[in-house]
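Written below as structure tokens is the structure these notes are about.
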Amino acid sequence: MAEQLFLNWPSNRQIPPMPMLWNDGLTHAIDQNHAVKLDAPSASIWAFEDAQLIGPCIPPVLQSLSDAMKNALFPGYITRKYADQSYTGQFLQGGGEHRTIDTAWTVWNYNCVIYGHFLLEVMPRLLVMRAAHRDNPSLAAIPIILPSNAPSYALKWISLLLPDFHVETKALQDVLTVRRLLIPGWGSRFVYSDVVQDELELLTTPYRQEGIPRKRIFVDRRVQSYRILANSQALQDIAASYGFESISPENLTLEQQIALFASADDVIGEFSSALHNSIFSPAGCRVMAMNYITECQSRIGNFRKQRVGYILPREGPISFDPSIKGERHFEIDPATFERKLNIMLKRQ
């Protein structure tokens, strides 16, 4: 099976680390992950001949590629999951339909049923396709393949960013052979390309509300999860006394979410999918993340030229641990929260 570079956008920007809002109370790893100076990677669209899609749009073509190529197309944890034959094999046990189509786009990965992963791993692919479509409108005739279990927000994002494109779905047990499969890539390790930066500016600029006071947002996370910020309401009350509005992004339309974050100067929230909406916020925005799970919030901050500060729970960072069953409740010390909030608002 042959692969071909279909389109490529070189990047010329460096992504230096923005100064953190504060450095105390953090682990060495958090400091190090934030402080890395990076070069923006290129964006590309690769074409693969006679490629299959199985399960939730898994392209087995990955197994024949170099590590560098794999990492240019999917985050590392995805390629490791797709290399696990006990996982991929379940979609090849028969019972599904086998069919062939000429050309298709694939943008999905299995973990994008979690909104934050969609936002940071698929939405940028759609932005790359948006740039390509602007130069070549005929690309809209090629269908985007989504798995049948894709959440409704995937269709809403495609409708917003690529309104001229259409979507076709495949059942998880179906095997789809694509004579020419197009896979857009935005970079790697949550380090985004120049074209994603440019497209984000084109997307968010019309939503910025000029001539009004900039917004202060407390992101209220209300989705079921393995972790729960037990004293969230007390922290919201403190933030409200400083002019912060509590919002739940999942209750807003995509356009409302973009407009809200695009007009924000200060954003507070638990480390979560909802907080990652700061990718739509402008340069100079300040972001307070309560808890720490991965480097992606720092990557967003440095990429978008935003200052980030982390407050860790009393117990230390709370991340997913499959050996721990049930919900994990944690708290953020209110006195520490208010002290950090004052540092944040000094605009140093």
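The values are calculated or read from the model by the stated rules, or taken from the named source; none is laboratory data. Here the structure is a predicted model, which is why all the values come from computation and not from measurement. Heads up, the Cβs are rebuilt from the backbone with ideal geometry, glycines too, and the neighbour counts pull from every protein chain shown. We work out accessible area using only protein heavy atoms, side chains counted, and drop any ligands, DNA or RNA first. Shrake-Rupley method; radii C 1.70, N 1.55, O 1.52, S 1.80 Å.
I'd like the full set of residues that are surrounded by 11 or more Cβ atoms within 10 Å (Cβ to Cβ), touching a residue at least 40 places away in the same chain (Cβ under 8 Å) and not aliphatic (A, V, I, L, M), limited to the stretch 320-344.
Glu327, Arg328, His329, Phe330, Glu331, Pro334, Thr336, Phe337, Glu338, Lys340
Please go through the stretch 19-31 and pick out each residue that is at pLDDT 95 or above and open to solvent by 50 Å² or more (accessible area, probe 1.4 Å).
The answer is Pro19, and nothing else.
One residue is enough: does the stretch 260-283 have a residue meeting the conditions open to solvent by 50 Å² or more (accessible area, probe 1.4 Å), among the polar types (S, T, N, Q) and not assigned by the TED database to the domain that holds Glu121?
Kept after step one, since they are open to solvent by 50 Å² or more (accessible area, probe 1.4 Å), are these residues of the stretch 260-283: 283.
If we keep only those that are among the polar types (S, T, N, Q) as well, we get none.
Checked the stretch 260-283: no residue is open to solvent by 50 Å² or more (accessible area, probe 1.4 Å), among the polar types (S, T, N, Q) and not assigned by the TED database to the domain that holds Glu121.
One line per residue, one yes/no per condition, for (1) of a type in the set (Phe, Trp, Tyr); (2) modelled with pLDDT of 90 or more; (3) farther than 30 Å from Phe271 by Cα; (4) in contact with a Pro (Cβ under 8 Å, 6 or more places away or on another chain):
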site: Pro56; (1), (2), (3), (4): no, yes, no, yes
site: Gln63; (1), (2), (3), (4): no, no, yes, no
site: Ser66; (1), (2), (3), (4): no, no, yes, no
site: Ile78; (1), (2), (3), (4): no, yes, no, no
site: Gln90; (1), (2), (3), (4): no, yes, yes, no
site: Gly95; (1), (2), (3), (4): no, no, yes, no
site: Asp102; (1), (2), (3), (4): no, yes, yes, no
site: Trp105; (1), (2), (3), (4): yes, yes, yes, yes
site: Val113; (1), (2), (3), (4): no, yes, no, yes
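Give me the strands (runs of 3 or more DSSP E) completely within the stretch 235-348, filtered to those with at least 3 residues that are modelled with pLDDT of 95 or more and within 17 Å of Gly116 (Cα to Cα), ordered by residue number.
On the way: elements: 245-247, 264-270, 286-290, 307-311, 328-330.
Correct list: 264-270, 286-290.
When you scan the stretch 150-158, do you find a residue that is touching a Leu at 6+ places or on another chain (Cβ under 8 Å), of a type in the set (Ser, Thr, Tyr) and at pLDDT 95 or above, even just one?
Our first condition is that a residue be touching a Leu at 6+ places or on another chain (Cβ under 8 Å); within the stretch 150-158, this holds for 153-158.
Next, from what is left, pick out any that are of a type in the set (Ser, Thr, Tyr): 153.
Retained after the next criterion (residues that are at pLDDT 95 or above): 153.
For the stretch 150-158, residues touching a Leu at 6+ places or on another chain (Cβ under 8 Å), of a type in the set (Ser, Thr, Tyr) and at pLDDT 95 or above: present.
Show me the helices (runs of 4 or more DSSP H) entirely contained within the stretch 74-178 in which 2 or more residues are of a type outside the set (S, T, N, Q). Steps first, answer last, please.
Details: elements: 76-82, 85-88, 115-121, 123-135, 152-161.
Fully inside the stretch 74-178 and qualifying: 76-82, 115-121, 123-135, 152-161.
With the condition kept exactly as written, say whether any residue in the stretch 172-181 is within 17 Å of the chain's Cα centre (by Cα) and crowded, with 19+ Cβ neighbours inside 10 Å. Working first, answer last.
At the first step, the residues of the stretch 172-181 found to be within 17 Å of the chain's Cα centre (by Cα) are none.
So far as the stretch 172-181 goes, no, none of its residues is within 17 Å of the chain's Cα centre (by Cα) and crowded, with 19+ Cβ neighbours inside 10 Å.
If you go through the stretch 197-208 one residue at a time, do you hit one that is open to solvent by 60 Å² or more (accessible area, probe 1.4 Å), over 30 Å from Pro41 (Cα atoms) and of a type outside the set (S, T, N, Q)?
Checked the stretch 197-208: no residue is open to solvent by 60 Å² or more (accessible area, probe 1.4 Å), over 30 Å from Pro41 (Cα atoms) and of a type outside the set (S, T, N, Q).
Kindly indicate which of Leu92, Leu119, Leu62 is closer than 30 Å to Thr253 by Cα and not assigned by the TED database to the domain that holds Ser278. Quick ask: steps written out before the conclusion?
Values: Leu92 fails: closer than 30 Å to Thr253 by Cα; Leu62 fails: closer than 30 Å to Thr253 by Cα.
Step by step, each of Leu92, Leu119, Leu62 is checked, and only Leu119 is closer than 30 Å to Thr253 by Cα and not assigned by the TED database to the domain that holds Ser278.
Which residues, taken from the stretch 99-139, are open to solvent by 10 Å² or more (accessible area, probe 1.4 Å) and in contact with a Leu (Cβ under 8 Å, 6 or more places away or on another chain)?
Of everything in the stretch 99-139, those that are open to solvent by 10 Å² or more (accessible area, probe 1.4 Å) and in contact with a Leu (Cβ under 8 Å, 6 or more places away or on another chain) turn out to be Arg99, Thr100, Ile101, Thr103, Arg130, His133.
How many of the residues in the stretch 271-286 are touching a residue at least 24 places away in the same chain (Cβ under 8 Å) and over 22 Å from Thr253 (Cβ atoms)? Explain how you work it out, then say what you get.
Taking the stretch 271-286 as the starting set, the residues that turn out to be touching a residue at least 24 places away in the same chain (Cβ under 8 Å) are 271-282, 286.
Next cut, over 22 Å from Thr253 (Cβ atoms) only: 271, 286.
Total satisfying the criteria: 2.
I'm told Met18 meets every condition in (1) part of a loop (DSSP other than H, G, I, E, B); (2) assigned by the TED database to the domain that holds Val113; (3) of a type in the set (A, V, I, L, M) except one. Can you identify the failing condition by its number?
(2)
Taking the stretch 156-170 on its own, how many of its residues are open to solvent by 30 Å² or more (accessible area, probe 1.4 Å), farther than 12 Å from Trp108 by Cβ and among the hydrophobic types (A, V, I, L, M, F, W, C)?
1
Looking at the stretch 32-84, which of its residues are of a type in the set (Lys, Arg) and surrounded by fewer than 17 Cβ atoms within 10 Å (Cβ to Cβ)?
Of the residues in the stretch 32-84, the ones of a type in the set (Lys, Arg) are 37, 70, 80-81.
Within the stretch 32-84, Lys37, Arg80, Lys81 meet the criteria.
Name, by its number, the condition in (1) exposed (fewer than 15 other Cβ atoms within 10 Å of the Cβ); (2) touching a residue at least 12 places away in the same chain (Cβ under 8 Å); (3) outside the structural domain of Leu120 (by the TED database) that does not hold for Gln224.
For Gln224, the failing item is (2).
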